[in-house]
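K.L.:
Below you'll find the structure I mean.
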Amino acid sequence: MFNRESVIGKIVYGGGFVFDFARWLVIFGILLMISHYFIITIYIVDGLSMDPTFKSGEVGVLNKAVYHFSDPERGDVVVVKYPGDPDKKRYVKRVIGMPGEKIEVKNNLVYVNNKALIEGYLPKGTITIKEGSWQLDSDDYFLMGDNRLNSNDSRYFGPVEKRFIIGKTIWILAPRFFSVVTPTYIL
């Protein structure tokens, strides 16, 4: 007849292929959720602010854990919470200025501590508008999109504190597949 211990035993220790598959599916789902919230996630590039480096609609992979152990580096492509609306808006931008630096935008160039920043990833003849000068605090980063004519970035909303940076883009998965490499700068 019906034996309670055998039913509980089957539930706890397995009850065939369907039960085993469902149990592994639940475990996989939980691990995926933990990974999504704390370690790595995917996102879709929305807009033209990083063009030509990233195209609107591309799927990126974001490392959320990296900045818990280190600080952003100049040239990193990051996803940042928009400081004016941190609960809703997210932007993809490149780290241009580091804490404590003086950033100037003038004559279509970006200057870091009075030295021109050579940005090889930008197309030749890129126009950089919205001139200005910013002194970064000890926890501030200056972020800019690669599409300088069509980017709402630190030139408009100011330097961004590290706490607003969600993570570093490490890959673009689709429709192109490539690893995102942080450029080297000579200052």
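K.L.:
Which of the residues belonging to the stretch 135-181 are part of a strand (DSSP E or B), touching a residue at least 40 places away in the same chain (Cβ under 8 Å) and small (Gly, Ala, Ser)?
P.N.:
GLY167, ALA174
K.L.:
Here is a follow-up. Would it be correct to say that LEU136 is more than 22 Å from GLY57 (Cα to Cα), modelled with pLDDT of 95 or more and buried (at least 17 other Cβ atoms within 10 Å of the Cβ)?
P.N.:
The answer is yes for LEU136.
K.L.:
A follow-up question, please. Select from the stretch 105-132 the residues that are more than 17 Å from ARG94 (Cβ to Cβ) and part of a loop (DSSP other than H, G, I, E, B) and write down the one among them that is modelled with the lowest pLDDT.
P.N.:
Within the stretch 105-132, the match that is modelled with the lowest pLDDT is GLY125.
K.L.:
Another question about this same structure. Across the stretch 163-178, which residue is farthest from ILE40 (Cα to Cα) among those that are surrounded by 15 or more Cβ atoms within 10 Å (Cβ to Cβ) and not polar (S, T, N, Q)?
P.N.:
Filtering the stretch 163-178 for residues that are surrounded by 15 or more Cβ atoms within 10 Å (Cβ to Cβ) and not polar (S, T, N, Q), the one farthest from ILE40 (Cα to Cα) comes out as PHE164.
K.L.:
Do we have any residue at all in the stretch 93-100 that's in a strand (DSSP E or B) and among the β-branched types (Val, Ile, Thr)?
P.N.:
Among the residues of the stretch 93-100, at least one is in a strand (DSSP E or B) and among the β-branched types (Val, Ile, Thr), which makes the answer yes.
K.L.:
Also, quick follow-up: Please find, among ARG74, ARG23, the residue that is under 22 Å from the mean Cα position of the chain (by Cα) and basic (Lys, Arg).
P.N.:
ARG74
K.L.:
Mind checking which residues of the stretch 31-46 are among the aromatic types (Phe, Trp, Tyr), within 18 Å of TYR91 (Cα to Cα) and not in a strand (DSSP E or B)?
P.N.:
TYR37
The values are calculated or read from the model by the stated rules, or taken from the named source; none is laboratory data. Fair warning: this is a prediction, and the values are worked out from it, not measured in the lab. All Cβ positions, glycine included, derive from the backbone under ideal geometry; neighbour counts span all protein chains shown.
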